[in-house]
Each structure stands twice: as structure tokens, then as C-alpha cells.
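Take a look at the structure below.
Any read-out appearing in this document is the output of simple, stated calculations on the displayed coordinates, not a laboratory observation. For clarity, every value in this text was computed on a predicted model and none was experimentally measured. FYI the Cβ positions are ideal-geometry reconstructions off the backbone, even for glycines, and counts take in every protein chain you see.
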Amino acid sequence: MSTHTARTALQDRPVPVQAKLAAAWTSFMFLYIYVDYLALYKPGFLDELLAGTVHEFDTGPTFVALALTLIAVPSLMILLSMALPARANRTINLVVATLYIPVTVFNAAGESWSYAVFYGLSIGLELLLLAFILRCAWTWPRTPAPSRPGLVDPERSQIPMER
């Protein structure tokens, strides 16, 4: 019995930080988009939208450009989390996730208490994902710097020193 269990045991392989970040930004985007989509079902929301307002803001060119920017940044973070070098990746994830905390909380501004559960759950989940992103980026594993240059890469060509 123990031989069968050992043979079929699942193995956890380490997941690269970049993949964790990209997955978290993807989850964040799904929530972000679906919260906006589900808000369309609130009574009166479509009437306000057709009248040209959202949360008392006019839905003119400035509003839609800002809305696109708010969606584009986390969308691009999915790609950037996989493509940027580690140092830049860590920095941009820390900055963007930090900036999106107040943006996420602001989504509840002006909402009625009757939708407190909806907004509490959605904002709570988005904040958890942002906290996960911040934690992953903050605790990004570091490679210790070698104490001697010869230890960096044995295949690296050595420049002879003149005496």
C-alpha cells in the first residue's frame, strides 16, 4: 500500500515569481472587469449610463480615456510580469499594486449600502490579490553576489591582468 501511495504522490514544483505575478494580475483583471459588468444589473445604472453619467461623472472623452487607462495598466502587468527582467519587474509590480489599492477602494465611493456585500466582497478579493502581488514582489528571491569574480561563470572568458 505504501509503495502505491509513494508512486502516485503529487509533486509540487516551484512556480517562478513571474508566473505567480502574471496569474495574480490575470485574476485581478477578471474580477475588475466582472465587477463593472455585474454593476450593469443594478437598478437604474443603465439609465444613468444612457444619460451620460457614471457615479456622477460625465461619460465624455476624458472619462472613457481614464477608464481605459485603469483597465490597460493591470492588463499590461500580465505581460510585463512575464517579460521584464527581475529588478524592473519587482519594482513595477510594487509600484503599480500599491497605486491600485486606493483605486480599488474608490470603486465603492457613492454606492448604496444595499450593495455593501457585493462591493465588500469584490473589493476585498481585489485587495487580497494586490496584497499577494505585493508579497510576491517584495519577497522576490535574491541570488547572492559571488565574493570572487571567478565564481560568477566558469564559461566566462577571463581577461588576463597585466603586471
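Among Ser75, Ser81, the ranking by other beta carbons within 10 Å of each residue's beta carbon, starting with the fewest, stands as Ser75, Ser81. Around the amide H of Thr53, modelled in the peptide plane, lie the amide H atoms of Thr59, all under 5 Å away and 5 or more residues distant in sequence or on another chain. The alpha carbons of segment 15-137 stretch over 46, 31, 19 Å along the principal axes, in descending order. For segment 20-88, the Kirkwood hydrodynamic radius from C-alpha pairs, put into Stokes-Einstein at 37 °C and a viscosity of 0.692 mPa s, yields a diffusion coefficient of 238 µm² per second. Treating each Cα of segment 61-129 as an identical point scatterer and summing with the Debye formula, the log10 of I(q)/I(0) at q = 0.18, 0.23 Å⁻¹ comes to -0.81, -1.07. Return the whole-Å distance between the Cα centroid of segment 81-125 and the Cα centroid of segment 29-65. Each part reduced to its Cα centre gives a spacing of 18 Å.
Entry note, segment 1-143: relative contact order of 37 percent, from Cα contacts under 8 Å with a spacing of 6+ residues.
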